[in-house]
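Quick note: the coordinates plus some simple rules give every number you see, no bench work behind them. All values derive from a computational prediction rather than experimental measurement. Neighbour counts are summed over all protein chains in view; Cβ atoms, including those assigned to glycine, are modelled from backbone coordinates with ideal geometry.
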Amino acid sequence: MWPLASHHSFKINNYASDVFNVTSVADARSVANLDNYLILGEGTNTLFIDNYDGVIVKSCITGISCEEKESGWHIRVGAQENWHDFVVWTLTKNMCGLENLVLIPGSVGAAPVQNIGAYGVEVSQYIQSVEAVHIATGESHTIANTECEFSYRDSVFKTNPRSWLITHVNFYIPKAWQPNLSYPALADLKTHASISARKIADAVTAIRSSKLPDPNKIPNAGSFFKNPVVSAEQYQQLIRDFPHLIAFEVGGDYKLAAGWLIEQLGLKGTCCGDCCVHDKQALVLVNQGRATGGDVLALCRLIQQRVEQTFGVMLEPEVRMVGRSGLIDDVTNYQGL
Ligand code: EPU
C-alpha cells in the first residue's frame, strides 16, 4: 500500500496499491505491463476520493536544456520539473511570455495535459511539441502542437489518459514579446508607462495570492469546476434573468464564470463535513483538515444541483477525481463510496 496524502494537494488520507517511478524512456516502456495504473504529476489537479486499486506511475525525468535562435528560444524540459520554478527560470533569463502563468501549481509534464491557463494565456500558445511514450506500443513520439488537440483545459492527453506518458515538453518562446493584459484584473497595468514581464508576474502573483488558497497551507486542487460554455441563445435568456451575470464570448458561445454562479447562490463557506467552498473564490473547494471522499462528492453534487436548478447549467468537474478503479467519468452517478 502506498500512501497518497502527500502526493495530491487535496491531501485525503487514501492509499494506492503501489508506485512505479519512471526515470527513463526505457522505464516508460514497461508501464504497459501494469494491470491498472494512473499517471500522476504533482497531484495538484487530481483528487483521490477513495483508495485506488492500482499503481501510481510517476515521471521522475528532470532537466532543462535551451537553444537560442535569432528569433527566440527552444527549451526542452523534463516532465517532473516544477511548473512555477520553470516560469521563474525563464523570467530570470529575460525570456518573456509565460509571466501570466506564474504560481500555477503542478509539474511541467502535467501542463499540456489540461492545457493550463490563467489571466488570458494558455500554455498551448508556447508549446512546440510534447515528447511522450505511447504506452501500448512502447514507441517514443514527438507530438506537434497541432496534433495535441488543445482546447480550454483539454488535450489529446486528457481525453486518452492511459495512452501517453509524457517525458519532455518542448517550448518555443519568441523574442518579440507582447504583454497580454487582456484579462480584466490586469487592465490597470495598461496605464503603466513601462510594462515588463516581471511587473505582470508580480501582479498575477498578488491576485492569485489574494484569492486562491495556498495548497501547502489549506489543501485544495485549484478550480474544482470548469467554467461552463453555453450557446448565445441560452446566454441571452440568462442575462435577461440575471443582468449581472459574468460571461466571456468564445467563438459565438459564452463561457460563464462558474465562481460567480456559485457565489450568487450563497454557497461560499458552505461545507459538507470538512470539505468547504472557499470563502474568497467559490470555484475552489478546500479540505479543512479531515475531509473524506464522501464529503467531496456530497459538496460537489450539492453545488451541481443548486446551479442547475437556478441557472439551468450543469457544472463539470475540472479536477480529475479518482475512485477505487480509476478516473471517475460521471461524478453524479458514482456509486463507489
Ligand atoms: N467570481 C465571482 N465569485 C467567485 C469567483 C469568481 O464573482 O467566487 C467572478 C470574478 O469576480 C470574475 C470572474 O468570476 O469576474 C472570473 O473569476 P476569476 O478571475 O477568479 O477566474 P475563474 O474563471 O474563476 C479561471 C481559472 C483559474 C485561473 C483564473 C484566472 C478555470 C476553471 N479556472 O478561474 O484557474 O487562475 O481563471 O485566469 O478556468 C485552476 O484551473 O485551478 C485555476 C485556478
What is the Cα coordinate range of the chain on the first, second and third principal axes, sorted by size from largest, in whole angstrom?
57, 53, 37
From the Cα trace of the stretch 64-174, what convex hull volume per residue do you get, rounded to a whole Å³?
95 Å³
Applying 1/(1 + (r/R0)^6) with R0 = 25 Å to the Cβ-Cβ distance of N216 and N13, what FRET efficiency is obtained, to the nearest 0.05?
0.90
Once L189 and S24 are pulled to full extension, the length gained, defined as 0.36 nm per residue separation minus their Cα-Cα distance, is 55.0 nm
Anything in the chain that counts as a DSSP H helix reaching 15 Å or more along its axis (C-alpha) with Kyte-Doolittle mean of at least -0.5? List them, would you?
197-211, 293-311
If you build the convex hull over the alpha carbons only and average its shadow over all orientations, what do you get for the stretch 1-109? Give it in nm² to one decimal.
7.9 nm²
For q = 0.22 Å⁻¹, Debye-computed log10 I/I(0) when each Cα of the stretch 172-320 counts as one equal scatterer
-1.31
Pop a pseudo-label 7 angstrom from the Cα along the beta-carbon direction at both A206 and W177 and give the gap in nm to one decimal.
1.9 nm
Report the gain in length on full extension from D241 to Q309: 0.36 nm times residue separation, minus Cα-Cα distance, nm rounded to one decimal.
23.1 nm
How much net charge surrounds K175 when only other residues with a Cβ under 11 Å from its Cβ are counted (Lys, Arg +1; Asp, Glu -1)?
-1
Unpartnered cysteines of the chain (Cβ-Cβ under 4.7 Å counts as a partner)?
C60, C66, C96, C148, C272, C275, C300
So for the stretch 2-59, Kirkwood radius off the Cα pairs, Stokes-Einstein at 4 °C and 1.567 mPa s: how many µm² s⁻¹?
112 µm²/s
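How large is the helix-only mean residue ellipticity at 222 nm for the chain, computed as the sum of -39500 (n - 2.57) over DSSP H runs with n ≥ 4, divided by its residue count, in deg cm²/dmol to the nearest 500?
Helix-only estimate at 222 nm: -6000 deg cm²/dmol.
Expected output is a single nm value to one decimal: the length gained when fully extending between S231 and Q128, i.e. 0.36 nm times separation in residues minus the C-alpha distance. What is it?
33.9 nm
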Per residue convex hull volume, Cα only, the stretch 191-264, in Å³ is 151 Å³
